[in-house]
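The values are calculated or read from the model by the stated rules, or taken from the named source; none is laboratory data. Not measured: the values here are computed from a predicted model. Cβ: placed from backbone, ideal geometry, glycine included. Neighbour counts: every protein chain shown. Ligands, DNA and RNA are stripped out before the accessible areas are found, and what is left, the full protein with its side chains, is counted by its heavy atoms. Shrake-Rupley method; radii C 1.70, N 1.55, O 1.52, S 1.80 Å.
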Amino acid sequence: MHNDIAQILVSEQEIKEICVKLGKQLTKDYQNKNPLLVGLLKGCMPFMADLSRQIDLKFEMAYMSVSSYHGGIASSGDVKIKMDLDISIKGRDVLIVEDIVDTANTIVTIIELFKHRGAASVKMVTLLDKPDGRLREYQPEYVGREIPKAFVVGYGLDYNELYRNLPYVGVLKPEIYNQK
Ligand code: 5GP
Ligand code: MG
Ligand code: MG
């Protein structure tokens with residue numbers, strides 16, 4: 001698996017530092033609130049597990065599964081809900097947890113939906129941001145790290161459902177995409 005990686009972009013150590021830093025900031029900003037963390041599966045999984053343990057507050061966690069990629073390395077643009085939330089978000093301070101923001105199609109669609117459902121506030125925390133990939137104007141409130149416009153895998157991020165278990169974020173060797 002590690003052999004398929006051309007370059008490590010965000011190391012295990014850096015991810016740890018990002019979680020500590022964002023956790024402190026979120027602990028401060030949501031001090032007197034009762035936030036609901038909403039993770040977008042499957043990519044959010046390792047980040048939500050590590051980040052949530054750095055937030056020193058009592059809060060609930062919920063999950064939703066959306067897709068805009070249908071395999072491969074390019075976003076298809078239309079966002080589908082594959083699994084919806086199991087709780088009401090009416091009146092809640094929602095904090096969406098994402099692995100990465102690229103075109104922002106996914107997050108903008110979800111934010112509109114959550115506002116329509118009556119959330120008191122909707123903000124997002126993302127491990128990675130690719131600002132050069134935007135097709136819609138959007139700036140996440142909490143960003144772990146900005147990265148260049150490259151397709152990355154690891155720490156939740158997949159290529160055809162593989163590599164999510166890499167402990168770091170890296171770029172695949174080009175021959176991996178060209179194999180099929
Ligand atoms: P967006 O809607 O902002 O274009 O992308 C949202 C979703 O596409 C992310 O949550 C992630 O699941 C997927 N995605 C975007 N960029 C990458 C990438 O570089 N690598 C992988 N594996 N997934 C990505
Ligand atoms: Mg995602
Ligand atoms: Mg994916």
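Kindly list, by first and then second residue, each pair from a residue in the stretch 119-145 that is part of a loop (DSSP other than H, G, I, E, B) to a residue that is of a type in the set (Ser, Thr, Tyr), limited to pairs with Cβ atoms under 7 Å and residues at least 6 apart or on different chains.
The qualifying pairs are Arg134/Thr103; Leu135/Thr103; Arg136/Thr103; Pro140/Thr126.
Could you figure out which of (1) open to solvent by 40 Å² or more (accessible area, probe 1.4 Å); (2) modelled with pLDDT under 95; (3) within 27 Å of Leu113 (Cα to Cα) isn't true of Asp50?
(2)
Could you look through the stretch 25-44, keep only residues that are touching a strand residue (DSSP E or B) at 6+ places or on another chain (Cβ under 6 Å) and of a type in the set (A, V, I, L, M, F, W, C), and pick out the one that is most open to solvent (accessible area, probe 1.4 Å)?
Across the stretch 25-44, the extreme among qualifying residues is Leu41.
What is the one condition in (1) buried (at least 22 other Cβ atoms within 10 Å of the Cβ); (2) within 15 Å of ligand 3 (Cβ to nearest atom) that Val94 does not satisfy?
With respect to (1) buried (at least 22 other Cβ atoms within 10 Å of the Cβ); (2) within 15 Å of ligand 3 (Cβ to nearest atom), Val94 is out only on (2).
Determine which single condition Tyr168 fails, assuming it passes every other condition in (1) more than 14 Å from ligand 2 (Cβ to nearest atom); (2) touching a Lys or Arg at 6+ places or on another chain (Cβ under 7 Å); (3) within 23 Å of Lys24 (Cβ to Cβ); (4) not acidic (Asp, Glu).
(2)
Please specify each residue of the stretch 153-168 satisfying the condition of being surrounded by fewer than 22 Cβ atoms within 10 Å (Cβ to Cβ) and within 13 Å of the chain's Cα centre (by Cα).
Leu157, Asp158, Arg164
Kindly establish whether Ile89 is touching an Asp or Glu at 6+ places or on another chain (Cβ under 9 Å) and open to solvent by less than 20 Å² (accessible area, probe 1.4 Å).
no
Filter the stretch 169-180 down to residues that are surrounded by fewer than 12 Cβ atoms within 10 Å (Cβ to Cβ) and either at positive phi or part of a loop (DSSP other than H, G, I, E, B) (or both), then give me how many there are.
Residues that pass the stated criteria total 3.
I'd like to know if the stretch 132-148 contains one or more residues that are open to solvent by 20 Å² or more (accessible area, probe 1.4 Å), in contact with a Leu (Cβ under 9 Å, 6 or more places away or on another chain), farther than 19 Å from Gly39 by Cα and within 12 Å of ligand 1 (Cβ to nearest atom).
Yes; the residues of the stretch 132-148 include at least one that is open to solvent by 20 Å² or more (accessible area, probe 1.4 Å), in contact with a Leu (Cβ under 9 Å, 6 or more places away or on another chain), farther than 19 Å from Gly39 by Cα and within 12 Å of ligand 1 (Cβ to nearest atom).
Given the condition touching a Lys or Arg at 6+ places or on another chain (Cβ under 6 Å), in a loop (DSSP other than H, G, I, E, B) and either open to solvent by 10 Å² or more (accessible area, probe 1.4 Å) or at pLDDT below 95 (or both), answer yes or no: does some residue in the stretch 106-115 qualify?
There is no residue in the stretch 106-115 that is touching a Lys or Arg at 6+ places or on another chain (Cβ under 6 Å), in a loop (DSSP other than H, G, I, E, B) and either open to solvent by 10 Å² or more (accessible area, probe 1.4 Å) or at pLDDT below 95 (or both).
Exactly one of (1) modelled with pLDDT of 95 or more; (2) within 17 Å of the chain's Cα centre (by Cα) is unmet by Ile89. Its number?
Every condition holds for Ile89 apart from (2).
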